[in-house]
């Protein structure tokens, strides 16, 4: 097990070489370590920073990290090889270090591989799904092979023609009684599995989501999960035809037709070897359907065993964790942008003094709301994670509150990926041209967040699910509402605050707005109900506004989460004031973007909003100014994690940029070969 | 010369294979060719679509385009070689076809090279600057060499430590009377030239922006442009030490110390071989300073010859053209997203029918404002281009209106790149996961637009320049204002419209808002003036609001430009109504994002804004629905230009995606070499 002893942050060991950054750090009104411990440590804190530091040190101590050029200089074959090498080395090293706790092991592997652990889907979705949906007998067979990496698997759900709408997946598994097996096919081009990570080159097994037909192809039984081999375990070749099945020994010969490959280039490799898969008349034994929830007997009769909502467990847990991931990505982007802004100078006063760009109000208007939102997202995630722990813990599920967890996690995933994508692009712009280099560390983050707006549920679809839950809740008007519930305020009759006196008044304003918007749309939906239009039609027709209502609810959730954070900080004298200032920034920034709502609903006047954004907000920027660098230092990133020339802790930005440029392999030829060939054959046709 | 005969659009020659797209096209209420001719043809139309079609056909007829894999599959060396080969082949082919008109030649080369013509900066900035800033004698020497591509040059301005603030550039040219030459140096690391396109591998000359010191290093004379060789013309080797200067024969030996290379990876190669350059004690003859505006005589005395504002001509022309470029990029993104949305199905009605995603209001709320904005940006560019032609035409410059051209072009560049970046990401999201493939054609566009927010002037800096102009203008209160001026309305005393009756009322609302915001900030600036704070301090302090005021002015400019377009369309019965609908969408969409202004200034009530966005806007989406595909077809892109599996004219999206995936070179090995090595040495340490 990992030693949990706190060895302090990494940067204590290196000097601050840049005088500007040193001054910034000295100007802080609080101790950065107190902030880090407050935010990211403590008995139930998900982030457990002290263990994380220990793990980080262990991961970076391994010599493999110095054996290759920065990843942006590798071609796709070299890149893939490095990632696979590192991933296996990481697995072995985690074993050697005896890191057995699942969460810490995931962290270790992720850090070890620079965020590019090739078997991420294997160790999370694949194994988790086996643990959840396989029968005891299946677990006994499959899990040891998977845990020892003899089987490397992925989760094959998305198809070329179908993403969010699972009901329409086309891959089929037809029961064949004569051979007691399923015959797998992708009857159309659009049924091709497309996008699953690690499918292109790495996996030898997949968990295949397919439409089950049993006892024959005229009887659809809905989506089921199948355990399917696609590559030979020894040669790693795609299974071509008749081969021995090496796992399920009852069936010594299976006919398989597998076409598998990598899809075309995604943005800058970030996503792993996403692949496509076509199966033609692939036969698997009957007991390779995962049978915890349902099974098919020898006669081909389909039996349900358990609540199919168990299926959602893995998906929900993944979605919750994504909210932490997005907050961490945004924290990386803003750490880089703030540190760079405290080093970069541009423009000058009439007296000829060059200005640090962090001193410009326009730059602060980019960065400070981003810092405040990052803290807000960390708190929202922790609040969501608490909710998850109450409602969904392994096999223990409170079914009556599952809908709420689904609604909050869907909405927060959509909201935080969308906002973080936007902010990370603003951080890119805040770093000027240098932000456009891969070596800035920001563009890659921006690309990952952009992808996050789509994967694990398109944001527009997710917001609608949140809205559907809210409309149902308000129409039910549940008197026995749990007062801890995130929707309790929807039933409150407390009036809106007449003026903003304390922080709770902001929360109340947002709650009133959320409540009023929801009531109004709910009434409209009920009034529109008529024999000529179905509820579905009415919902679709009002979907733009429904998404807006869902966002208003999530904004309220996030603001309240940050509010709880401020209250927690009250116990820390030096932090309390800073958290209050961050709260003001987040509240006013969010409010000004939604000003029309607050004004129309008479919660604020247009003049009040104008005063808040024109005077209060820049005033908060000023107050926070001495603490900006320390507020991002508090996120406690190791320089290796940031992988950024601009965001280095020591501020040696220009040295790093030149060093990275000189490493560019292209610069090894003084004259690029194409020019040699042109100069030698000036009249060639090229 | 190119044959200008109209051969009609490309797609007439291919069938529409996709029934959905065919139906979309049949549902249009106007003829697509009429739209294209209306928007992009006509005697003074910048886009001259009929010649463009001719050029496009000629460019794609050349066989080189089939000699390589899609560019995303090439490693950086192969990629660069293909780009250089194509660029030279394109130059030769343009010569063979006798395309001599500069604009058409640029188009041809750009299309021929798939937007990646390697010598873009050479044929534009480099040659243009020589034409503008070189003396007659210098032109006679340099231009023939440049035009024949013996010299290939770029424009070296940006430094590692300095971008927008030219005054602070550190590269220096010190006059040395004893040798009648300048000694060039980069005295610091941050003085390194960094970012210039085509500098890394391709250019053998640069136009170097440097601080002149003459007669000696104690006498700064400001920024001047120097003509500097960096690579040998025969071997293409960076000039190492003493070598013969092959251009300026008066000086047979020059001491040169050049370090040149490519900077680290930018996002996906889009930007060409951006480079860095360090010069150490490089000596160039006195007459390699460009001397149209100023020169240094033999004694080292500095003489001004002409208005230094001539320097801005090239920069302004570039900025104006960028506005066309951004509009075209956005048009590409939205063409792809709209066509894909008319092919892709997702979700279903309770009756089990799958829905085309273009039929969802939420999807329309993404796409239709984007279509409307694209048309608005085309019209704004054309309006700006007219202004440019009036004010700045080669050496003829109306100096008294130059400030207005500077203000409008700065603001429109900033506004259109920012909005287009945003919309292109929305288009990416509108295409779901597939939009994340390079082969979608959208992510590359999004990346180019993101870069456009920074290059040729950081958007925040540009908006401030627009604001500075506006404040000056309103404080001068010019009675003799040209009524054609884009700021004439600022002096109007016409009251705001009491209700929105016709389209002009929208324009008047925006004009009133712009005027009121400007007057208010202008008053504030004057009131804040005090002995203790300089005008600079006051401007910086109010910069957030000043940028807002500049945006309001540009929004008004864009809306008015679109209004003029609607009026032009009145002559085309079938188009008139559609353009009116687009105007409504753009006006309401823009207005809802700025609602707080309109409400606070009492130009609209909150309820009016709510009605507009909740009812009028979706109503317009419905009316435009039959024309959405045809509205993007009207942009007349060739499939090769879009380079998109999702946006193909024929709608064969899934076939294209699979074909592209199968082309991935990784799929040539059935087993990736790293797996062979792992399987053969399972116990190796990797």
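The values are calculated or read from the model by the stated rules, or taken from the named source; none is laboratory data. Everything quoted here is computed from the prediction, not taken from an experiment. Here the Cβ is made from the backbone with ideal geometry for all residues, glycine too, and neighbour counts use every protein chain on show.
What do you reckon, is residue B:367 surrounded by fewer than 20 Cβ atoms within 10 Å (Cβ to Cβ), within 13 Å of chain A (Cβ to nearest Cβ) and touching a residue at least 24 places away in the same chain (Cβ under 8 Å)?
no
Out of A:43, A:63, A:70, which single residue is at pLDDT below 95 and under 30 Å from residue B:664 (Cβ atoms)?
A:70
One line per residue, one yes/no per condition, for (1) modelled with pLDDT of 95 or more; (2) over 30 Å from residue A:24 (Cα atoms):
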position	(1), (2)
A:375	yes, no
A:390	no, yes
A:407	yes, yes
A:416	yes, no
A:424	yes, no
A:427	yes, no
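Out of B:490, B:517, I need the residue that is assigned to a helix (DSSP H, G or I), under 24 Å from residue B:588 (Cα atoms) and either in contact with a strand residue (DSSP E or B) (Cβ under 8 Å, 6 or more places away or on another chain) or not assigned by TED's automatic domain parsing to the domain that holds residue B:608 (or both). Which one?
B:490
If I filter region B:622-643 for residues that are surrounded by 15 or more Cβ atoms within 10 Å (Cβ to Cβ), in a helix (DSSP H, G or I) and within 10 Å of chain A (Cβ to nearest Cβ), do I get at least one hit?
no
Rundown of residues vs (1) within 14 Å of chain A (Cβ to nearest Cβ); (2) in contact (Cβ under 8 Å) with a residue 24 or more places away in the chain; (3) under 24 Å from residue B:199 (Cβ atoms); (4) touching a helix residue (DSSP H, G or I) at 6+ places or on another chain (Cβ under 8 Å), yes/no style:
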residue	(1), (2), (3), (4)
B:66	no, no, no, no
B:91	yes, yes, yes, yes
B:107	no, yes, no, yes
B:132	no, yes, yes, yes
B:146	no, yes, yes, yes
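When the residues of region A:155-203 are filtered to those that are in contact with a helix residue (DSSP H, G or I) (Cβ under 7 Å, 6 or more places away or on another chain) and more than 14 Å from chain B (Cβ to nearest Cβ), which remaining residue is surrounded by the fewest Cβ atoms within 10 Å (Cβ to Cβ)?
The selected residue is A:180.
Tally the residues that are within 11 Å of residue B:432 (Cβ to Cβ) and assigned to a strand (DSSP E or B), restricting the search to region A:152-166.
Going through region A:152-166 one residue at a time, the tally reaches 1.
State whether the residues of region B:237-250 include one that is assigned to a loop (DSSP other than H, G, I, E, B) and modelled with pLDDT of 90 or more.
Scanning region B:237-250 turns up at least one residue that is assigned to a loop (DSSP other than H, G, I, E, B) and modelled with pLDDT of 90 or more.
Take residue B:646 and tell me if it is touching a helix residue (DSSP H, G or I) at 6+ places or on another chain (Cβ under 8 Å), surrounded by 23 or more Cβ atoms within 10 Å (Cβ to Cβ), more than 8 Å from chain A (Cβ to nearest Cβ) and part of a loop (DSSP other than H, G, I, E, B).
Yes; evaluated as a whole, the condition is true for this residue.
Looking at (1) outside the structural domain of residue B:368 (by TED's automatic domain parsing); (2) in contact (Cβ under 8 Å) with a residue 12 or more places away in the chain, which is the only condition residue B:661 fails?
So the condition that residue B:661 fails would be (2).
Can you tell me which residues in region B:303-349 are within 14 Å of chain A (Cβ to nearest Cβ), in a helix (DSSP H, G or I) and in contact with a strand residue (DSSP E or B) (Cβ under 9 Å, 6 or more places away or on another chain)?
The answer is B:341, and nothing else.
Taking residue B:651 as the residue in question, decide whether it is crowded, with 20+ Cβ neighbours inside 10 Å and not in a helix (DSSP H, G or I).
In short, yes.
Inspect region A:465-477 for any residue being within 12 Å of another protein chain (Cβ to nearest Cβ), modelled with pLDDT of 95 or more and farther than 16 Å from residue A:404 by Cα and give the result as yes or no.
no
Is it the case that region B:665-673 has a residue that's out of contact with any strand residue (DSSP E or B) (no Cβ under 6 Å at 6 or more places or on another chain), buried (at least 21 other Cβ atoms within 10 Å of the Cβ) and either more than 9 Å from chain A (Cβ to nearest Cβ) or over 30 Å from residue B:59 (Cβ atoms) (or both)?
Checking region B:665-673: at least one residue is out of contact with any strand residue (DSSP E or B) (no Cβ under 6 Å at 6 or more places or on another chain), buried (at least 21 other Cβ atoms within 10 Å of the Cβ) and either more than 9 Å from chain A (Cβ to nearest Cβ) or over 30 Å from residue B:59 (Cβ atoms) (or both).
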